[in-house]
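Notes follow once the structure below has been shown.
The values are calculated or read from the model by the stated rules, or taken from the named source; none is laboratory data. Keep in mind it's a predicted model, so treat the numbers as computed, not measured. Please note: Cβ atoms are built from the backbone with ideal geometry, for glycine as well, and neighbour counts cover all protein chains shown.
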Amino acid sequence: MNIILMGPPGAGKGTQAANLVKEYGLTHISTGDIFRKALKEQTKYGVIAKYFMQFGHLVPDDYTIQMVREYLQENEFSKGFILDGFPRTIIQARELESIAKEFGFEIDAVINLDIELDRLVPRLSGRRTCKECGASYHIEYNPPKVEGICDVCGGELYQRPDESEDAVKVRLDTYEKQTRPLIDYYTMKGQITNINGDQSMEYVFKDIKASLEVK
Ligand code: AP5
Ligand code: ZN
């Protein structure tokens, strides 16, 4: 089963992708995580991505598409994958369709986490991310057992540089202009399932599971 998980910054894509990995054994492909790893390792994609990511802008389509293409080519996905944060523009969505044809896979579900943008700022400002494994926490809604330490791997938790007030504003604005049109795109194709993202993490996951089980 291959899934696209969509939603604005802070909607809970990473949180729900982790649940889907546990439940169905799918592979989590987050373009944000891949870019952050590339940045840490100073690879060519990391160097390019840094300038766009720190201010909350999208990395240009051609680099992003090339990176995803390579990632899909180089990795095995025996039980399928979850695309988190890709596609984010109509151009990326069209390219994904040609990559799917070329590589011989299908997208079985497009899940959109639906939530008002004004609910996202507290989620983003309270988020803490593991430096080692990328697990995501929230100081209030999903705190780690020990403050500042990852439950999964014991790594140190930090606040992402694109969580400054200015960068968050740009990310939300970018979402409205460049990514929201994808909702209509997938609605017209009859592929989208809208899930209420403004409920507890457990209820969001229950709804996602229910939508996948009718497929
Ligand atoms: P990316 O890493 O994809 O960031 P994002 O889309 O902005 O999403 P986030 O990771 O911030 O949020 P999320 O929806 O995963 O929420 P989470 O589960 O963590 O992208 C970063 C950057 O990379 C982009 O700005 C761009 O520069 C670049 N990039 C990436 N992909 C690209 C592409 N395709 N094209 C071009 N550029 C690209 O949850 C957030 C917080 O809320 C957490 O603290 C969590 O614990 C909490 N929370 C989650 N669910 C709930 C709930 N139900 N109730 C209460 N709290 C909750
Ligand atoms: Zn960790």
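List of remarks:
- Matching entry among Val110, Val146 (being touching a residue at least 24 places away in the same chain (Cβ under 8 Å) and not in a helix (DSSP H, G or I)): Val110
- Qualifying residue in the range 23-45 (condition: polar (S, T, N, Q) and over 14 Å from the mean Cα position of the chain (by Cα)): yes
- Search result, residues across the range 124-143 that are assigned to a loop (DSSP other than H, G, I, E, B), within 11 Å of ligand 2 (Cβ to nearest atom) and without any contact (Cβ under 8 Å) to a residue 40 or more places away in the chain: Lys131, Glu132, Cys133
- Residue check for Glu163: acidic (Asp, Glu) and within 9 Å of ligand 1 (Cβ to nearest atom): yes
- Test: residue in the range 90-105 that is in a loop (DSSP other than H, G, I, E, B) and over 18 Å from the mean Cα position of the chain (by Cα): yes
- Filtered by the rule that a residue be away from ligand 1 (no atom under 16 Å from the Cβ) and either of a type in the set (D, E, K, R) or touching an Asp or Glu at 6+ places or on another chain (Cβ under 9 Å) (or both), the range 166-190 gives Asp184, Lys189.
- Arg94 being of a type in the set (Lys, Arg) and either under 28 Å from Asp166 (Cβ atoms) or within 10 Å of ligand 1 (Cβ to nearest atom) (or both): no
- Considering each residue of the range 51-67 in turn, none proves to be among the acidic types (Asp, Glu) and surrounded by 18 or more Cβ atoms within 10 Å (Cβ to Cβ).
- Within the range 73-92, tally of residues that are at pLDDT 95 or above and surrounded by fewer than 19 Cβ atoms within 10 Å (Cβ to Cβ): 3
- Among the residues of the range 171-187, those identified as farther than 12 Å from Leu117 by Cβ and either touching a strand residue (DSSP E or B) at 6+ places or on another chain (Cβ under 7 Å) or outside any helix (DSSP H, G or I) (or both) are Leu182, Ile183, Tyr186.
- Segments classed as helices (runs of 4 or more DSSP H), wholly inside the range 9-53, with at least 1 members that are acidic (Asp, Glu) and more than 13 Å from Tyr71 (Cα to Cα): 13-24, 31-41
- Asp198 vs. criteria out of contact with any Phe, Trp or Tyr (no Cβ under 6 Å at 6 or more places or on another chain), surrounded by 14 or more Cβ atoms within 10 Å (Cβ to Cβ) and part of a loop (DSSP other than H, G, I, E, B): yes
- Restricted to the range 137-160, and to residues there that are modelled with pLDDT of 90 or more and closer than 22 Å to Gly7 by Cα, the residue that is farthest from ligand 1 (Cβ to nearest atom) is Gln159.
- Flag: Gly154 does not match the condition of being touching a Lys or Arg at 6+ places or on another chain (Cβ under 8 Å), among the small types (Gly, Ala, Ser) and within 16 Å of ligand 2 (Cβ to nearest atom).
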